[in-house]
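The structure is given below, and queries will be raised subsequently.
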Amino acid sequence: MSEKETKVTKQETLAALRNPGELYVIMSAATKMPFVKCDEETFDDEIFLYYQMEDAKDKARKLLDEKYVSAVAKLAKEQLLPFFTSLYIMGVNALAVNSGSDLVTRNIPKELPEGKQIVENPALHLTAAYFMQELRKQEQPQMTEELKELQEELLAHYGKGTFLIPVEENGQIPILKQKDGSLYQPVFTDVLEFQKFTKGRPVRSAVVPGEKIAELLMEDVKGVVLNPLGVNVQLQVARRKRE
């Protein structure tokens, strides 16, 4: 295919996505987010979109053959803008539409109003998605070499990141009790994940660098849980006194 033909195809695809009629996305059961895959040729991190329900179901069946549990979700017209916006935040840079592929681009403001800060951790969010997809496809989860590499990458991104911490009206930070009884404090990679958790409740957010979170941990807390209503990754972090 010539460069001109490729350009026309992408323009047609993007135009169709603005008013698709029906659009279906493959969702990962492991992360509650769009299933993401690294393209073997381009190395783009892409999600899968389809115009027909049956095509999407067929893709979900193929993923199940690879031990990835997924589901098909229909995107309503009013969901399209927030959905495509969320892709930037989770680190996705390509759309596989009916097996074709188009890049996701974004205009990032060069300057922000004084006192404003965008909290996003796309590299961390993306690595966490890959980590949980691979971990949960196993019947009896074990730390393979691939998972160990992903975990190391995840922890490196965490240490460099900046996060949103929920603070209740009484000044307390919420604590989540896990099935095994262990306690973790929730942290969020971005405002969309934060809003999933607060659901309009009067909870304010504090912006905290990853390296400082250990100073905010309560007693008996084992660490943090990253995006508990999304990737839900538990990271063991040792409590540290403020310097």
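What distance in nm separates the simple spin-label points at residue 195 and residue 54, each placed 7 Å from Cα in the Cβ direction?
Computed distance between label sites residue 195 and residue 54 equals 3.7 nm.
So which trypsin sites (Lys or Arg not before Pro) in segment 159-211 pass both tests, a DSSP loop state and at most 11 other Cβ atoms within 10 Å of the Cβ?
Qualifying residues, ordered by number: 179, 199.
Oh, and also: Which one, 232, 197, 167, is farthest towards the positive end of the dipole of segment 138-243 when Lys and Arg carry +1 and Asp and Glu -1 on their Cβ?
Selected residue: 167.
Quick one: dipole size for segment 152-197, taken about the Cα centre, charges +1 on Lys/Arg Cβ and -1 on Asp/Glu Cβ, in debye to the nearest 20.
On the way: 4 positive and 7 negative charges, 21 e Å.
Its charge dipole is roughly 100 debye.
Given R₀ = 22 Å, what would the calculated FRET efficiency be for residue 67 paired with residue 149, taking r from the Cβ atoms and rounding to 0.05?
Efficiency, from the Cβ-Cβ distance: 0.70.
Describe numerically, in nm with one decimal, the distance between label points set 7 Å from Cα along Cα→Cβ at residue 218 and at residue 77.
In this crude spin-label approximation the distance works out to 4.6 nm.
A further question follows. Starting from the Cα of residue 241, step 7 Å along the direction of its Cβ; do the same at residue 160; then give the gap between the two resulting points in nm.
Those two pseudo-labels are separated by 3.2 nm.
Further question on the same structure: For segment 142-212, which GluC sites (Glu not before Pro) are both in a DSSP coil and crowded by at most 15 other Cβ atoms within 10 Å?
Loop-located and lightly packed - 168, 169.
Grab the Cα-Cα distance for residue 203 and residue 178, subtract it from 0.36 nm times how many residues apart they are, and report the gain in nm with one decimal. Please report the intermediate quantities before stating the final value.
On the way: separation 25, 0.36 × 25 = 9.00 nm, distance 2.15 nm.
Full extension of this stretch gives 6.9 nm more.
Please give every one of the aspartates and glutamates within straight-line cross-link reach of residue 32, meaning a C-alpha to C-alpha distance under 12 Å, and leave out same-chain neighbours fewer than 8 residues apart.
By straight Cα distance, residue 32 reaches 193.
Only the coordinates and a few stated rules stand behind these numbers; no lab work does. From a predicted model like this one, the values you see are computed outputs, not experimental measurements. Glycine gets a Cβ as well: all are built from the backbone with ideal geometry, and neighbour counts include every protein chain shown.
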